[in-house]
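The values are calculated or read from the model by the stated rules, or taken from the named source; none is laboratory data. As the structure is a computational prediction, the values presented were derived from the model and not from experiment. In this analysis, Cβ positions are derived from the backbone assuming ideal geometry, glycine residues included, and neighbour counts consider all displayed protein chains. Remember, those area values only see protein heavy atoms, side chains included, never the ligands or the DNA or RNA. Shrake-Rupley method; radii C 1.70, N 1.55, O 1.52, S 1.80 Å.
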Amino acid sequence: MDAMLSLSHVSFSYHTLGGETLALYDISFSVGFGEFAAIVGPSGCGKSTLLSLICGLIRPESGQIIMAGARKNQTDDGSPGIGYMLQRDHLFEWRTVYDNVLLGLEIQKKLTPEKRRRVEEMLDTYGLSAFAGMKPSALSGGMKQRAALIRTLALDPELLLLDEPFSALDYQTRLEVADDIGMIIRREGKTAILVTHDLSEAISMADRVIVLSRRPGQVKSIIPISFPAEYDTPLKKRNAEQFSHYFNLIWKELKQYG
Ligand code: ADP
Ligand code: MG
């Protein structure tokens with residue numbers, strides 16, 4: 001698989017008045033075009049820092065991050081190469097759902113009739129058309145995350161970064177939303193990196209799981225995940241025989257290096 005993103009020997013420290021904190025050490029991995037990668041590791045091990053490095057908010061202290069086909073934050077037509085999805089949906093209550101999903105395009109002054117149509121299509125495909133004129137508070141937690149994803153996809157990013165996007169949701173909703181979001185990302189053919197401390201979420205959504213150690217985060221192992229074709233959604237994968245095998249394998253990795 002061609003690499004869309006590759007990190008080699010990346011390290012990063014935070015410098016504060018209190019001193020220096022080595023957050024990540026000697027991180028190397030790559031993500032292929034169209035691949036869905038998950039990064040798991042204990043809280044505080046540097047997962048969010050890693051995403052900030054990938055999207056160029058901060059620079060590595062040493063090592064290199066290369067994104068193929070696009071400059072890191074802008075593609076040639078000026079559209080952002082990278083889209084972000086966070087724990088909170090960050091929808092604005094004073095705008096309708098429709099105006100929220102168009103917000104990114106508006107801010108970037110790229111709201112062409114064609115892009116508007118594309119967004120309307122996504123609202124329709126992903127079951128939000130009927131809610132377009134409502135305020136976000138009228139939506140369930142899952143629908144809000146779906147709207148947030150459509151807003152991100154509207155900008156047509158080449159790479160999607162998801163930082164614990166489901167952790168604010170209750171367990172039941174979380175399963176449904178992960179299913180939903182996973183399906184949308186695959187249908188849209190996006191390359192994605194999901195950061196989570198939830199092993200089951202990683203195993204049920206990703207093609208590969210990258211396991212980080214405690215801080216300073218180091219890559220402890222990279223585990224390819226594959227399920228028989230009939231297990232084609234995260235929820236179904238959770239019920240597959242292979243699931244507990246992967247769970248135990250990654251659990252051991254995490255504990256061993258704890
Ligand atoms: P994770 O997302 O895996 O929970 P983070 O990447 O947020 O971990 O943080 C990794 C480490 O870096 C933590 O020990 C955290 O306290 C520290 N850290 C994060 N952000 C900053 C910052 N802005 N300044 C100083 N230290 C930070
Ligand atoms: Mg984090």
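Being within 16 Å of ligand 2 (Cβ to nearest atom) and open to solvent by 10 Å² or more (accessible area, probe 1.4 Å) is the filter; apply it to the stretch 121-168 and report the residue that is modelled with the lowest pLDDT.
By that ranking, first place goes to Ala168.
Contact list please: Cβ distance under 6 Å, first residue in the stretch 97-108 and modelled with pLDDT under 90, second residue of a type in the set (A, V, I, L, M, F, W, C) and surrounded by 16 or more Cβ atoms within 10 Å (Cβ to Cβ), pairs at least six apart or on different chains. Between residues of the stretch 97-108 that are modelled with pLDDT under 90 and residues that are of a type in the set (A, V, I, L, M, F, W, C) and surrounded by 16 or more Cβ atoms within 10 Å (Cβ to Cβ), the close pairs are Gly104/Ala154; Gly104/Leu155.
Here Glu230 does not fit the description of being surrounded by 17 or more Cβ atoms within 10 Å (Cβ to Cβ) and charged (D, E, K, R). Checked against (1) over 22 Å from the mean Cα position of the chain (by Cα); (2) in a loop (DSSP other than H, G, I, E, B), Gly127 meets all criteria but (1).
Looking only at residues of the stretch 30-75 that are part of a strand (DSSP E or B) and open to solvent by 10 Å² or more (accessible area, probe 1.4 Å), we find that the one that is modelled with the lowest pLDDT is Met67.
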